[in-house]
Amino acid sequence: MDARGGIGGSLKGLDLRAEIDRLRKERNAVILGHYYQKPEIQDLSDFVGDSLELSRKAAETDAEVIAFCGVRFMAETAKILSPEKIVILPDMDAGCSLEDSCPPAQFKAFREAHPDHIALSYINCSAEVKALSDIIVTSSSAEKILSQIPKEQKIIFGPDKHLGGYLARKLRREMLLWPGVCIVHEAFSETELLKLQAQYPGAPIAAHPECPPAIVDHADYIGSTSGILEFAKSMPGDTLIVATEPHIIHQMERAVPEKTFIGAPGADGNCNCNICPYMALNTMEKLYVALRDLQPRIEMDETLRLQARKSLDRMLEMASGTVGQGDLGAR
């Protein structure tokens with residue numbers, strides 16, 4: 001059977017870009033590419049951005065199929081917001097260390113052990129954890145949301161201890177932190193960052209708040225991936241050191257090709273440990289097959305979807321002031 005005919009056919013010699021475009025039209029599909037995807041996937045995507053921003057844009061289209069080139073929790077979020085659409089993920093093994101660090105049963109038990117706390121959960125979590133949470137936050141909306149919660153209200157923040165710790169320090173807000181980390185942002189080395197800073201004196205550092213304190217403390221700008229991109233466009237200098245997953249640099253170079261962008265190094269100064277291994281599972285070949293077969297597909301129990309939707313809706317209600325600043329998308 002040939003590549004158009006079904007599973008088992010060879011993809012050798014196939015013009016994947018042309019075939020993806022053909023299937024995009026036939027399936028009435030919208031292709032979403034996260035900033036951490038390979039450049040070839042970013043370049044063919046209908047929308048490129050942060051996770052929630054992409055899900056909201058897809059919900060506004062008349063597409064019948066959403067092909068989410070990202071990780072599983074992102075595709076789940078798209079399904080939560082667009083239950084009537086088919087949502088496919090090129091590789092269902094594309095997970096997230098933050099999601100994995102917070103199993104729903106353990107999070108439920110943790111909540112029950114602290115009944116006087118409300119739960120703010122970073123969007124990098126499963127649909128089940130979203131359903132167990134009171135409010136979902138993104139890296140661009142968390143500060144705005146926290147500022148609206150009374151100081152006396154006790155808070156659980158999960159699953160990212162570094163984002164939670166950054167917010168706690170900045171807002172002088174005590175929170176009970178779930179001990180999860182992003183393996184990508186955890187990989188940055190303070191020693192290697194300082195060496196790079198000495199090599200490029202005067203170059204500012206932009207860091208994602210998922211980074212450990214030792215990295216964030218050296219940053220001139222701290223914000224979401226979209227926020228870092230906007231900083232790259234507006235900063236007065238011509239060189240920027242970037243402490244987040246390095247595939248965002250592709251968008252920076254497209255937006256301001258006259259500037260130089262340098263990815264912050266990992267522990268040994270030159271490893272690829274700051275490339276997200278889960279995002280890397282998505283390939284052109286897998287995207288083609290997913291569009292061809294409409295598999296693998298995100299399926300979700302309606303009761304779970306509605307419970308998860310409540311915490312997302314609460315975020316959108318509280319975070320109106322962050323519109324245009326990152327994950328919530330420009331309006």
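The values are calculated or read from the model by the stated rules, or taken from the named source; none is laboratory data. The shown structure was predicted, so the numbers you read here are calculated from the model rather than taken from an experiment. Neighbour counts are summed over all protein chains in view; Cβ atoms, including those assigned to glycine, are modelled from backbone coordinates with ideal geometry. SASA here: full protein model, heavy atoms, side chains in, ligands and nucleic acids out. Shrake-Rupley method; radii C 1.70, N 1.55, O 1.52, S 1.80 Å.
Descriptive notes on the structure:
- Of the candidates Glu245, Glu152, Glu210, Glu258, the single residue that is modelled with pLDDT of 95 or more, within 16 Å of Ser141 (Cα to Cα), in a loop (DSSP other than H, G, I, E, B) and not aliphatic (A, V, I, L, M) is Glu210.
- Conditions (1) open to solvent by 10 Å² or more (accessible area, probe 1.4 Å); (2) at pLDDT 95 or above; number of the one not met by Ile275: (2)
- Counting only residues that are surrounded by 18 or more Cβ atoms within 10 Å (Cβ to Cβ), in contact with a strand residue (DSSP E or B) (Cβ under 9 Å, 6 or more places away or on another chain), part of a helix (DSSP H, G or I) and not small (Gly, Ala, Ser), the stretch 287-315 holds 4 of them.
- Scanning the stretch 155-185 for residues that are more than 15 Å from the chain's Cα centre (by Cα), assigned to a helix (DSSP H, G or I) and either under 23 Å from Pro115 (Cα atoms) or touching a residue at least 60 places away in the same chain (Cβ under 8 Å) (or both) yields Lys161, Gly164, Gly165, Leu167, Ala168.
- Of the strands (runs of 3 or more DSSP E) that lie entirely inside the stretch 1-104, those containing 2 or more residues that are crowded, with 20+ Cβ neighbours inside 10 Å, touching a Lys or Arg at 6+ places or on another chain (Cβ under 9 Å) and modelled with pLDDT of 95 or more span 29-34, 65-69, 86-88.
- Which numbered condition Gln197 fails, given (1) open to solvent by 10 Å² or more (accessible area, probe 1.4 Å); (2) of a type outside the set (A, V, I, L, M); (3) under 27 Å from Lys170 (Cα atoms); (4) in contact with a Phe, Trp or Tyr (Cβ under 7 Å, 6 or more places away or on another chain): (4)
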